[in-house]
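The values are calculated or read from the model by the stated rules, or taken from the named source; none is laboratory data. The model shown is predicted, which means the values in this text are computed figures rather than measured ones. Positions of Cβ are generated from backbone atoms using ideal geometry, with glycine treated the same way; all protein chains shown enter the neighbour counts. The accessibility values were calculated without ligands, DNA or RNA, using every heavy atom of the protein model including side chains. Shrake-Rupley method; radii C 1.70, N 1.55, O 1.52, S 1.80 Å.
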Amino acid sequence: MSAYAFPLYAVAHLAIFIWCVSLVRLHHAPGAGIVAMISAGLVYDNLIISLGTTIGSGTLLQLLSWPRFAMHAMLVPFMMIAVVQFASAAGVSWAKDRRWLITVWVLVFAMIAYGVADHLVGLETVPACFDGVLRYTSNLHASHFCTPDQQQIMGAGPPVPAIVGNLLTLIVGFALWRRAGWPWLVLGSLVMFVAAAVPVSGFGLAPGNGGEVLLQTANAATAWRFCRRIQPA
């Protein structure tokens with residue numbers, strides 16, 4: 001099933017990217033540009049995973065996989081800026097406070113530094129096979145061995161930047177729900193937490209990547225919802 005899921009995820013993120021680009025062009029929607037940028041990265045992420053078995057294990061797939069890790073480390077933290085822009089567009093007062101904005105920007109760059117140090121510096125990847133999917137990873141469980149001679153590898157730690165970003169999304173989501181009756185950012189964030197908690201060793205990346213699709217859909221819908229509040233009458 002995973003072999004069919006990842007191409008669908010790539011197409012879904014492409015649709016989100018196109019939607020957000022149109023929101024930026026037509027409405028200058030706050031946060032939509034960042035959502036588009038991250039979705040573009042996730043198109044690549046899921047596309048490379050989809051093509052893994054076609055490309056085959058080796059240097060080419062390993063090189064093509066490196067941007068996947070770089071995107072998650074250096075691009076995803078900017079989603080924190082987007083959700084603050086959502087809150088500001090919705091009229092949430094604390095989201096417009098200069099001290100809060102500075103804090104979030106510092107947090108973004110701190111998470112990028114952490115992600116680079118923990119996930120990119122000295123990155124070593126090995127092939128992993130599961131449910132018809134071949135990919136390169138820095139964490140290899142026995143259930144994902146491609147050949148019997150492989151050994152388990154515990155590489156990078158938990159995705160702290162993604163966890164911190166999703167916590168902030170949850171906080172902003174509750175503020176939008178309370179102020180504007182918009183529950184979808186909260187629901188998208190909660191779904192992402194549940195999907196990320198599904199063990200990769202037993203289910204592969206499909207649940208977590210599926211959660212990213214739903215969260216990005218919620219982000220894009222939120223950008224669309226609140227860009228209408230700032231349109232001229």
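I need the peptides 48-59, 211-222 ranked by packing, meaning the mean over residues of other C-beta atoms within 10 angstrom, with the highest value on top.
Highest-to-lowest ranking by the protection proxy: 211-222, 48-59.
Given a 10 angstrom Cα cut-off, can you work out which residue in LEU123, LEU134, LEU205 is the most mobile in a GNM of the chain?
LEU123
Per DSSP H run of n ≥ 4, the term is -39500 (n - 2.57); total these for the chain, divide by its residue number, and report the mean residue ellipticity at 222 nm rounded to 500 deg cm²/dmol.
-22500 deg cm²/dmol
Against the empirical 2.2 N^0.38 Å scaling, what ratio does the C-alpha Rg of region 1-51 come to?
Region 1-51 yields a ratio of 1.23.
In the Gaussian network model of the chain, springs joining C-alpha atoms below 10 Å, which of CYS20, CYS129, CYS146 carries the largest mean-square fluctuation?
Largest GNM mean-square fluctuation: CYS146.
Using the Cβ atoms and a cut-off under 15 Å, what net charge is assigned to the surroundings of ASN219, where Lys and Arg are +1 and Asp and Glu are -1?
0
Using the Cα atoms of region 92-154, I'd like the radius of gyration and the largest Cα-Cα distance, Dmax, both in angstrom.
That works out to 19.1, 58 Å for Rg and Dmax.
What is region 23-152 by shape, rounded, prolate or oblate, if you read a ≥ b ≥ c off the alpha carbon gyration tensor as root eigenvalues and call it rounded for a/c under 1.5, prolate for a/b larger than b/c, and oblate otherwise?
Judged from the Cα gyration tensor, region 23-152 comes out prolate (a/c at least 1.5, a/b above b/c).
Write down the accessible area per residue of the chain in Å², having rolled a 1.4 Å probe over the full set of protein chains.
Here the residues of the chain average 50 Å² of exposed surface.
Can you give the Rg to Rh ratio for region 180-222, taking only C-alpha atoms and Rh from Kirkwood?
That ratio is 1.07, to two decimals.
Please state, rounded to one decimal and in Å, the Kirkwood hydrodynamic radius that region 90-220 gives when every pair of distinct Cα atoms enters the mean of 1/r.
Kirkwood hydrodynamic radius for region 90-220: 16.9 Å.
So between GLN62 and LEU14, what do we pick up on full extension, going 0.36 nm a residue minus the alpha carbon distance?
Between GLN62 and LEU14, full extension yields an extra 15.0 nm.
Using only the heavy atoms of the protein chains and a 1.4 Å probe, how would ASP97, ASP45, ASP149 rank by accessible area, largest first?
Output order, biggest surface exposure first: ASP149, ASP97, ASP45.
What would the Debye formula give as log10 I(q)/I(0) at q = 0.13, 0.23 Å⁻¹ for the alpha-carbon point model of region 23-67, no solvent?
These q points yield log10 I(q)/I(0) values of -0.42, -0.74.
Can you tell which of VAL186, VAL121, VAL194 shows the greatest fluctuation in a Gaussian network model of the chain with Cα springs below 10 Å?
In this elastic network of the chain, the residue with the biggest mean-square fluctuation among VAL186, VAL121, VAL194 is VAL121.
Amide H to amide H under 5 Å from THR137: which residues, 5+ apart in sequence or cross-chain, H placed 1.01 Å off N in plane?
For THR137, whose amide H was placed from the backbone, the distant partners under 5 Å are VAL126, ALA128.
For a Förster distance of 30 Å, can you work out the FRET efficiency between the beta-carbons of PHE203 and LEU120, rounded to the nearest 0.05?
0.75
Just checking the chain: which Cys have no other cysteine's beta-carbon under 4.7 Å?
CYS20, CYS227
Can you pull the semi-axes for the chain, root of five times each eigenvalue of the Cα gyration tensor, sorted largest first, whole Å?
Semi-axes, largest first: 33, 18, 15 Å.
How charged is the neighbourhood of LEU75? Take every other residue with its Cβ under 12 Å from the Cβ of LEU75, and add Lys/Arg as +1 and Asp/Glu as -1.
Local net charge: 0.
Given R₀ = 22 Å, FRET efficiency for ILE171-ALA113 by Cβ-Cβ distance, to 0.05?
Efficiency, from the Cβ-Cβ distance: 0.50.
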